[in-house]
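Peer 1: Here it is, the structure in full.
No lab work stands behind these numbers, since they all come straight from the coordinates. Here the structure is a predicted model, which means the values were calculated and not measured. When we count neighbours, we look across all protein chains shown, and the Cβ atoms used for this are built from the backbone with ideal geometry, even at glycine.
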Amino acid sequence: MSYIIDRRLNGRNKSTVNRQRFLERYRGQIKEAVADAITRRSITDMEHGEKVSIPTRDISEPVFHHGQGGEREMVHPGNREFTTGDRIKRPEGGGSGKGDGKASDGGEGEDEFSFSLSQEEFLNFLFDDLKLPNLVKRRLAGIETFHWQNAGIVNDGNPARINIVRSLRAATARRIALGAGARRRLREASAELSLLLTEDTSPVHKARVDALREEIERLRRRVDRIPFIDTFDLRYNHHVKVPKPSSQAVMFCLMDVSGSMNQSMKDMAKRFFLLLYLFLKRNYKKIDVVFIRHHTSAKEVDEQEFFYSRETGGTIVSSALKLMRDIMAERYPADEWNIYGAQASDGDNWNDDSPLCQKMLADDIMPLMQYFAYIEITPREHQALWESYEAVQSGWPGVFSMQQIVDAGDIYPVFRELFARKKA
């Protein structure tokens, strides 16, 4: 067995880089653990870190070893029962004990590899590849974000931003300009010297030849003294900091808190909206969240009241849509804001109210929306509100989406389905 020892000095933050590589390598297993954790958690613990376990067989590493040297002759008998890659079951026998762990009946085994995800890492995996659909830039929402933009070439700057091509081009132009006269005279003197050397040399001619040779030598030294590149030739890429247009958006969260919604349904609705709230606040800076609770009447509330108030009553869904429409008209003009909506209900509504909801959505709300998601939380068959919303969905494909949640295990998959990053 060979052992490779790395004696290089550890650089700063080397463990951080190694951890990121590890998380990227086992992304699939970690995402499954995060999805399972969401269904087990209470609302107050939704955004905390998580302890993740990975089976040991999934983290096996290749090793170096000495092969059997020399020439060998081997005979591999064939068989009619197995082929390459088949798994052979362990012979029965022994006992696996009565504990909670996964004991092996063969007398040996390995524990799973466990590690903890920080809050930041947990949220990264939780909201990986999610995005608000149809987000467009309405206007400059403040000047808090900037980006660097190329602004041409300058004579002074940071050595890290030197432009090699432009610098060499400037150096070539300078050498041509400074040496043009000397090179021209050098060519003339060389031609005259060649002419005199072909003739009979007299004392006068000999003096002229010596003078030309001295002049040629002096001109060559003068040309050679011109530097290949000078600090005057250096050119630098110039970058300027310009404001970056940011998209401003508003999300309307409409939650049914009527008496037909039992405590389990309300808890699932709150879990969904808490996931949505964490996703928005983590990924978008310029976004407002409007919380609306409704039973027979609708009311705009703050975050604390939205998630923890115990008020209940009958069911009139149109009251929430009317309040949403009025707030949009008063505070969020569609030409300046990306408007989104998410509604959670059990689908129970007054029969005469469902057609009114359909008309209000189709005529007044959907023409101004970027995206609207309806989540029906019920284990029963769909009711009149679902049927009315189906007519709205047929008129606004890709903008109006509908999903059903039966139990807590459906919350995270439905959330990812509604806000998954769509390929262009």
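Peer 1: For segment 364-424, rounded, prolate or oblate, judged on the Cα gyration tensor with a ≥ b ≥ c (square roots of eigenvalues), a/c < 1.5 rounded, else prolate if a/b > b/c?
Peer 2: Oblate, since a/c reaches 1.5 and b/c is not below a/b.
Peer 1: If I stretch the segment between ARG222 and ASP352 completely, what's the gain in nm (0.36 nm per residue apart, minus their alpha carbon distance), one decimal?
Peer 2: Here the answer is 36.8 nm.
Peer 1: Would you tally the net charge around PHE291, using a Cβ to Cβ cut-off of less than 9 Å, leaving PHE291 out, and scoring K and R as +1, D and E as -1?
Peer 2: Every neighbour counted, the sum reads -3.
Peer 1: Something else now. Taking the mean number of other Cβ atoms within 10 Å as a proxy for protection, how do you rank 165-178, 406-419 from highest to lowest?
Peer 2: The packing order, highest mean first, is 406-419, 165-178.
Peer 1: With θ set to phi - 60° and the Karplus curve 6.51 cos²θ - 1.76 cosθ + 1.60, what are the ³J(HN,Hα) couplings of segment 299-309 in order, to the nearest whole Hz, using x for Gly and Pro?
Peer 2: The phi angles translate into 8, 7, 10, 8, 4, 5, 5, 4, 8, 10, 6 Hz.
Peer 1: Full-extension gain between SER309 and LEU197, please, as 0.36 nm times their residue separation minus the C-alpha to C-alpha distance.
Peer 2: 29.3 nm
Peer 1: Further question: In terms of modelled amide H atoms, which long-range or inter-chain residues lie less than 5 Å from the amide H of ILE377?
Peer 2: The answer is SER345, ASP346, GLY347, ILE405.
Peer 1: Return the equivalent ellipsoid semi-axes of segment 198-306 as a descending list in whole Å, where each equals the square root of 5 times an eigenvalue of the C-alpha gyration tensor.
Peer 2: 94, 12, 9
Peer 1: Beyond a 30 Å Cα-Cα separation, which of these cross-linked pairs lie in this structure: LYS241/LYS285; LYS31/LYS322; LYS31/LYS281?
Peer 2: LYS31/LYS322
Peer 1: Could you give the length gained by full extension between ALA160 and GLU81, i.e. 0.36 nm per residue of separation minus their alpha carbon distance, to one decimal place?
Peer 2: Roughly 21.8 nm would be gained on extension.
Peer 1: Take ALA173 and ASP363, extend 7 Å from each Cα along the Cα→Cβ direction, and tell me the distance between the two endpoints in nm.
Peer 2: Spacing of the two 7 Å Cα→Cβ label points: 6.9 nm.
Peer 1: Using all alpha carbons of segment 249-419, what is the percent of pairwise distances in each 5 Å bin, ordered from the shortest bin to the longest?
Peer 2: 1, 9, 19, 24, 24, 16, 6, 1, 0
Peer 1: Report the local net charge at ARG235: Lys and Arg +1, Asp and Glu -1, summed over other residues whose C-beta lies under 11 Å from its C-beta.
Peer 2: That works out to +1.
Peer 1: Could you go through segment 249-262 in sequence order and give the Karplus-derived ³J(HN,Hα) for each residue, using 6.51 cos²θ - 1.76 cosθ + 1.60 with θ = phi - 60°, rounded to whole Hz, and x for Gly and Pro?
Peer 2: 9, 9, 10, 9, 10, 10, 10, 7, 10, 6, x, 6, 8, 6
Peer 1: May I pose another question? If I take R0 = 35 Å and measure r between the Cβ atoms of PHE232 and ARG184 in this structure, what FRET efficiency does the formula 1/(1 + (r/R0)^6) give, to the nearest 0.05?
Peer 2: 0.90
Peer 1: Further question: Counting only other residues whose beta carbon sits under 13 Å from that of MET369, what net charge do I get with K and R as +1, D and E as -1?
Peer 2: -1
Peer 1: Next question. Can you compute the modelled spin-label distance between LEU278 and ARG19, with each label point 7 Å from Cα toward Cβ, in nm?
Peer 2: The modelled label-to-label distance comes out at 1.9 nm.
Peer 1: Shifting gears a bit: Per residue of segment 330-340, in order, report the coupling 6.51 cos²θ - 1.76 cosθ + 1.60 (Karplus, θ = phi - 60°) as ³J(HN,Hα) in whole Hz, putting x for Gly and Pro.
Peer 2: Working through the residues one at a time gives 7, 10, 10, x, 5, 7, 10, 10, 8, 9, 10 Hz.
Peer 1: R0 = 30 Å: FRET efficiency of LEU130 with GLU336, Cβ-based, nearest 0.05?
Peer 2: According to the calculation, E is roughly 0.75.
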